[in-house]
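Worksheet: one structure, shown below.
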Amino acid sequence: MSQKNPIRVFVTHNWHDSDDYVRLFEYLESSNNFFYRNTSTPDKLPSKVDTETVREDLRKQINAAEVCLALASLYAEQPDLTIFQMNYAQSQKRPVILLPQFGLKAEPPKLLQERAEEIVAWEQRGIVDAIRRLARQENTQRFDTVEFNPDDFKDFKLED
């Protein structure tokens, strides 16, 4: 992945910007050295708004992607459209990453979980790592540096 070869992502939508949709792109934009291209076009409603025209437009958007990010919050608004997008992504061998509804502790519906390759919490690093891993099979192992003061452990004793 590079600026010349960004990962192509599709994010489930219903032709309007939801809070979770906007929030996801804020996370992606603020990630260092992560280059992506959004293939979803919620701002371009098809000229005809019948079921088949809408689905065909979504198919084109998904076909252009390497990975699909499914927003569980969309399911509450339009369950059929959400399931269609996830099913089509799977049928085209696009891995599906499910993000639960932001701010809710409840698990996403089982129907969505069954269609996801991975369920990722709303945490920037976890989302970006899942995209890299599933879209390009990039090793995303990172190590955190933990600093500590050895004096904090001077009274520590191992038990036999």
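The values are calculated or read from the model by the stated rules, or taken from the named source; none is laboratory data. Note that the structure is a prediction, hence the values are computed from the model and not measured. As a convention, Cβ positions derive from the backbone with ideal geometry for all residues, glycine included, and neighbour counts pool all protein chains shown. Ligands, DNA and RNA are stripped out before the accessible areas are found, and what is left, the full protein with its side chains, is counted by its heavy atoms. Shrake-Rupley method; radii C 1.70, N 1.55, O 1.52, S 1.80 Å.
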message: Let me spell out the model: positive unit charges on the Cβ of Lys and Arg, negative unit charges on the Cβ of Asp and Glu, origin at the Cα centre of the chain. What dipole size does that give, in debye rounded to 20?
response: 900 debye
- line: Over segment 1-111, with neighbouring protein chains present, the accessible area per residue in Å² at probe 1.4 Å is 54 Å²
field: Convex hull of segment 21-80 built on C-alpha atoms - directionally averaged projected area, nm²
entry: 4.8 nm²
query: Under a Cβ-Cβ cut-off of 15 Å, what is the net charge of the residues other than V67 that fall near it, where Lys and Arg count +1 and Asp and Glu count -1?
result: +3
query: What is the calculated FRET efficiency for E114 to R23, with r their C-beta to C-beta distance and R₀ = 25 Å, to the nearest 0.05?
result: 0.55
- prompt: Using alpha-carbon pairs under 8 Å, 6+ residues apart, how would you state the relative contact order of segment 12-102 in percent?
  reply: 34 percent
- prompt: In degrees, nearest 10, range 0 to 90: what is the angle between the Cα axis of helix 79-91 and the longest Cα principal axis of the chain?
  reply: 80 degrees
message: What is the angle, in °, between the Cα long axis of helix 124-136 and the longest principal axis of the Cα atoms in the chain? Nearest 10 is fine, range 0 to 90.
response: 60 degrees
- line: For the chain, averaging the sequence separation of alpha carbon pairs under 8 Å that lie six or more residues apart and dividing by its residue count, the contact order in percent is 22 percent
- request: Counting only C-alpha contacts under 8 Å and six or more residues apart, can you give the relative contact order of segment 1-54 as a whole percent?
  value: 48 percent
Surface share of carbon and sulfur [accessible, 1.4 angstrom probe, percent] for the chain: 47 percent
task: Could you size up the charge dipole of segment 48-93 around its Cα centre, putting +1 on the beta carbon of Lys and Arg and -1 on that of Asp and Glu, and report it in debye to the nearest 20?
output: 160 debye
field: Counted charge near D20, where neighbours are those whose Cβ lies closer than 13 Å (Asp, Glu -1; Lys, Arg +1)
entry: -3
task: For E77 and T53, compute 0.36 nm times the residue count separating them, minus their Cα-Cα distance, and round to one decimal in nm.
output: 6.7 nm
task: Enumerate by residue number the trypsin sites (Lys or Arg not before Pro) in segment 38-74 meeting two conditions: DSSP loop (anything except H, G, I, E, B), and at most 15 other Cβ atoms within 10 Å of the site's Cβ.
output: K44, K48
message: Can you match semi-axes √(5λ) of the Cα gyration tensor in Å to one of these, [x] 36, 18, 14; [y] 30, 22, 12; [z] 24, 17, 13, based on a calculation from the structure here?
response: [x]
- line: Percent of all Cα-Cα pairs per 5 Å bin for segment 66-143, counting from 0 up to the last occupied bin, reads 3, 17, 27, 24, 17, 9, 2, 1, 0
